[in-house]
Amino acid sequence: MTDTPPTARRRPRSGQWAAWGFLTPVTIYLVLFYAYPLYRNIDLSLRNYTVRSFVQGDAPFTGLANYRTVVDDPTFVPALLHTVLFTTVSLACQYSIGLALAVFFVRHFPLSATLRALFLVPWLLPLIVSGSTWAWMLNSDSGVVNAALHAVGIGPVDWLTSPTWSLVSVTVANIWIGVPFNLVVLYSGLQAVPDSLYEAASLDGAGAWQRFRHITFPLLRPVSAITLLLGLIYTLKVFDIIWIMTKGGPNDSSTTLATWSYRLGFGNLLPAFGPGAAVGNLLVLTALAFGLIYIRLQRRQDSA
């Protein structure tokens, strides 16, 4: 019986150390920037924190009292409805417009690459720049949108100061920001669809709509699912655009759960850290629920 060479015994152990070496930075990053903040947010929502107790760390445990306070608050139902409307309309429009542009750009033509690059500009701009630009464009007195309406004989609209139009305005701005992301992801998915399928369908007499309905859209379902999931997670936590444009007003007409959470925790002279953290955790649970639904559907599709 031959002895195992020392080098052969060292290789598995060295491979394990290398694996741990690559895994350690990722683990530290996840713990510091994800696990610990999430733990702190949960702890905030379960205690009665004030400014003094936040510094000294002696806040009394209150259980689910902060969550009951949030649900009983008269702002909760309107903020929840605004969040649902804002998220649903944003996702539907961003996906539809992004898919239409992806199908348009998949046909290569002169300047197609340049135009695609220009469509990425809203996505690359800092959100404070995008929000400030839209706030200026929709200004009731000096905005270019009302100037254009005036040129065609339509009176001015209070886009940002009217309870009727404030939520519409921030939704339009968010759609404009999110379309490039959908365009990039869906365009990448279209690159994986074989041209032979379209050629065979054309030979069978299928028109453009039939090719899209029976080839393009079904083959894009996996890409569409992850695009909508990422869009949902991003849209649920949108704060910058709404706060810059309307601050959730007027009269909470554009307040969402994200802006309400910030206002509870940081927007008052006497911050309500516990209820603000509770609202944030509700958003986290919503995103987690949709993520689990996506994983379940993906496993069912893979096993089919």
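The values are calculated or read from the model by the stated rules, or taken from the named source; none is laboratory data. Because the structure is predicted, anything quoted here is derived from the model rather than measured. With ideal geometry, Cβ positions are generated from the backbone for all residues, glycine too; neighbour counts draw on all protein chains shown. These area figures cover heavy atoms from the full protein model, side chains too; ligands, DNA and RNA do not enter into them. Shrake-Rupley method; radii C 1.70, N 1.55, O 1.52, S 1.80 Å.
Things to note:
- Residue within segment 197-209 that is in a helix (DSSP H, G or I), touching a His at 6+ places or on another chain (Cβ under 9 Å) and open to solvent by less than 30 Å² (accessible area, probe 1.4 Å) present: yes
- Counting the residues of segment 258-304 that are of a type in the set (S, T, N, Q) and not in a helix (DSSP H, G or I) gives 1.
- The condition (being without any contact (Cβ under 8 Å) to a residue 60 or more places away in the chain and more than 14 Å from the chain's Cα centre (by Cα)) is satisfied by just one residue among Ile233, Ile215: Ile215.
- Residues satisfying the stated conditions in segment 119-152, i.e. at pLDDT below 90 and surrounded by fewer than 11 Cβ atoms within 10 Å (Cβ to Cβ): Val121, Leu124, Pro126, Asp141, Ser142
- Filter result for Tyr29 (within 25 Å of Ala272 (Cβ to Cβ) and open to solvent by 80 Å² or more (accessible area, probe 1.4 Å)): no
- Subset tally (residues that are aliphatic (A, V, I, L, M), within 14 Å of Val170 (Cβ to Cβ) and not in a helix (DSSP H, G or I)) for segment 220-252: 1
- Residues being part of a helix (DSSP H, G or I), open to solvent by less than 80 Å² (accessible area, probe 1.4 Å) and among the acidic types (Asp, Glu) - total across segment 50-102: 0
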